[in-house]
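K.L.:
First the structure, then my questions, so here it is.
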Amino acid sequence: MIVAVDGPSASGKGTVAKQLAAHYGLPHLDTGLLYRAVGYALAQSGAAPDDEAAAAEIAARIDPKAYDEQVLRSAAAGGAAAAVAAMPQVRRALLELQRGFAARPGGAVLDGRDIGTVICPDAHAKLWVTASAEERARRRHLELNGRGEAMEYEAVLAQLAERDARDASRKDAPAVQADDAVLLDTTTLSIDAAFEEARRIVDAALQGRGL
Ligand code: C5P
């Protein structure tokens with residue numbers, strides 16, 4: 001079974017995806033980390049930030065495990081990720097890697113922005129996880145400050161809005177809810193409550209398919 005969990009930054013999709021994977025005994029791929037690793041590696045390589053050919057070459061052989069996850073989760077790597085994510089050649093280079101992961105025997109849980117629309121349009125269950133911009137900024141602000149990346153809440157909110165707009169408006173694989181994805185708004189939900197709701201949605205989707 002393939003479960004697609006998409007949504008904007010700090011919506012809770014990563015946490016929900018991880019918990020669903022553990023619950024159903026499936027491997028989990030955080031596809032945002034792939035884009036973060038490509039953006040970071042491009043910056044490290046000294047190539048120009050808009051060098052699409054160089055970014056695609058990096059994407060073709062990227063292994064996010066080769067990088068410190070804390071570094072990849074930084075605000076700077078997030079910005080670099082959104083930039084390379086708008087490059088069609090980069091998305092193409094990462095497509096097969098993601099589809100290969102999804103095709104594992106038994107299935108997988110993938111989280112990102114375009115899993116339900118582009119990577120796995122035939123996923124058995126699709127969720128679009130979101131939360132209000134203010135709540136997402138509050139969570140991201142806490143996370144960044146917890147890691148010692150001091151940033152004002154207002155700056156986090158502005159950065160989030162800018163990144164959302166860039167992700168939703170790009171020509172190639174814009175971050176939008178798939179027609180058949182179920183909306184899960186985590187604004188007022190605890191982590192446990194969000195997981196329970198996600199599990200209910202996935203179970204209902206499986207039942208609907210007679211699985
Ligand atoms: O989810 P996360 O914040 O780690 O994603 C970082 C960036 O990677 C996003 O802002 C988006 O531009 C890009 N991304 C994407 N498609 C995915 C996952 C992430 O374009 N499937």
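Nothing in this text is a laboratory measurement; each read-out follows from the coordinates by a stated rule. This structure is a prediction, so every number in the text was calculated from the model and none was measured. Heads up, the Cβs are rebuilt from the backbone with ideal geometry, glycines too, and the neighbour counts pull from every protein chain shown.
K.L.:
With runs of 4+ DSSP H residues as the only contributors, calculate the mean residue ellipticity of the chain at 222 nm using -39,500 (n - 2.57) per run, divided by the residue total and rounded to the nearest 500.
P.N.:
Computed mean residue ellipticity for the chain: -17000 deg cm²/dmol.
K.L.:
Return the sequence-ordered ³J(HN,Hα) values of segment 167-181 in whole Hz as given by the Karplus equation 6.51 cos²θ - 1.76 cosθ + 1.60 applied to θ = phi - 60°, using x for Gly and Pro.
P.N.:
Per-residue couplings from phi come out as 5, 7, 9, 5, 5, 8, 6, x, 7, 9, 5, 5, 4, 9, 8 Hz.
K.L.:
Still on this structure, please answer the following. Which of the listed residues, Ala133, Gly107, Ala17, is farthest toward the dipole's positive end in the chain, when Lys, Arg count +1 and Asp, Glu count -1 at the beta-carbon?
P.N.:
Result: Gly107.
K.L.:
I would also like to ask the following. Starting from 0.36 nm per residue, how many nanometres of slack lie between Ala47 and Arg199 once their C-alpha separation is accounted for?
P.N.:
50.4 nm
K.L.:
Sticking with this one: Give me the distance between the Cα centres of segment 89-103 and segment 118-143, rounded to whole Å.
P.N.:
The distance from the Cα centre of segment 89-103 to that of segment 118-143 comes to 20 Å.
K.L.:
What's the long-distance tail for segment 52-211, i.e. % of Cα pairs beyond 27 Å?
P.N.:
Result for the distance tail: 32 percent.
K.L.:
Would you mind working out the magnitude of the charge dipole of segment 2-206 relative to its Cα centre, with +1 at each Lys and Arg C-beta and -1 at each Asp and Glu C-beta, to the nearest 20 Debye?
P.N.:
Here the size comes out at about 320 debye.
K.L.:
Okay, next question. Tell me which trypsin sites (Lys or Arg not before Pro) from segment 150-203 have a DSSP coil assignment and no more than 10 other beta carbons within 10 Å of their own.
P.N.:
Hits after loop and neighbour filter: Lys171.
K.L.:
How big is the gap, in Å, between the Cα center of segment 1-55 and the Cα center of segment 150-211?
P.N.:
14 Å
K.L.:
To continue, here is another question. Along the Cα-to-C-beta direction of Lys18, a point sits 7 Å from the Cα; which residues of segment 67-89 have their amide N less than 16 Å from that point?
P.N.:
Only 68-74 pass the distance filter.
K.L.:
Then there is this: Amide H of Leu29: which non-local residues (sequence gap of 5 or more, or other chain) have their own amide H closer than 5 Å, using H built in the peptide plane?
P.N.:
Those lying under 5 Å, H to H, from Leu29 are Val109, Leu110, Asp111.
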